[in-house]
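The values are calculated or read from the model by the stated rules, or taken from the named source; none is laboratory data. Here the structure is a predicted model, which is why all the values come from computation and not from measurement. When we count neighbours, we look across all protein chains shown, and the Cβ atoms used for this are built from the backbone with ideal geometry, even at glycine. Just so you know, the surface numbers come from the protein's heavy atoms only, side chains and all, with ligands and any DNA or RNA stripped out. Shrake-Rupley method; radii C 1.70, N 1.55, O 1.52, S 1.80 Å.
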Amino acid sequence: MQTETVGDGTPDLAVVACLHGDEQCGKSAIGNLMAERPTFDRAVQFVVANEAAVAANVRFVDEDLNRAFPGNPDGDTYESRLAAELLAELRDRRVLDLHSTHSHPVPFALVDGLDETRRNLVRATGLDRVVDIGHIPGGLISHVAGVAVECGYVGTATAERNAERILRNFLGATGALDVPFEESDPEVYRVTGAVTGREYEFVGQNFERVEAGETFARRDGEELHADDPFYPVLMSTEGYDEMVGFSAERLGRLSEVG
Ligand SMILES: [Zn+2]
């Protein structure tokens, strides 16, 4: 991993890019910010996580790093060892974890649970939607107090611009940078299940309700219908090998959700 700490003292904030090596919007955003040599009012650690995967422009080398936490210093895979190393660095930090996606062009946040710390991190992104993904085994934000953000479509200039805007907003809201920021009261979605299966074409829209009986994915003339209404999140044709994505319920605004 590549890491740089700015500001005075021991950081309690960290910004992580490239848990997935082919999602480089966060790395660009950090690079653009640092090029301005801003003055930090509190310490922040910046991390580019999977350098080997970044160099090869692939999601991972041996296994998905964001399914490998807590990892093992003597693990069999590069990502298992890297996950252990990252967690040792990030364990006591509040983390912003920047990603890009195949599922949805408009940025949204992801959390595991909504305690007060995570609520504040979500507000600090300034975004209009947050998905409580619950505990998906091996994810970084299930092992630290963190918020992940999907900044837009993988490999696009729009995702890079979004990542930079979200990064600046987050650092403003957390008091690390003296810049304008907005704290949001996003719509909360909670994952209720996964839709598994290979090579489906997703034909719905993420965050748009699928009604009972409606077709939301198909392959070779076979169609998947909703048994009950749900909201698709992180659903895509290309995103996962073994899965279409997740089904969720919509709970209301963050300020209204207990
Ligand atoms: Zn990712």
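For segment 11-75 and segment 179-209, what is the separation of their Cα centres, given in Å?
23 Å
Counting only protein chains, not ligands or nucleic acids, how are MET34, MET235 ordered by accessible area (probe 1.4 Å), most first?
Largest to smallest exposure gives the sequence MET34, MET235.
Taking only Cα atoms and a 10 Å spring cutoff, compute GNM fluctuations for the chain and point out the largest among GLU116, GLU63, GLU187.
Result: GLU116 has the largest fluctuation of those listed.
So what is Rg over Rh here for the chain, counting just Cα atoms and using Kirkwood for Rh?
Using only Cα positions, Rg/Rh for the chain is 0.97.
Based on the mean of other Cβ atoms within 10 Å per residue, sort peptides 54-62, 136-144 so the most packed one is first.
Going by the mean number of other Cβ atoms within 10 Å, highest first, we get 136-144, 54-62.
Can you show me the helix-derived [θ] at 222 nm for the chain, built from DSSP H runs with n ≥ 4 at -39,500 (n - 2.57) apiece and divided by the number of residues, rounded to the nearest 500.
Result for the chain, helices only: -7000 deg cm²/dmol.
Summarise the accessible area of segment 138-185 (1.4 Å probe, protein heavy atoms) by the percent that is carbon and sulfur.
48 percent
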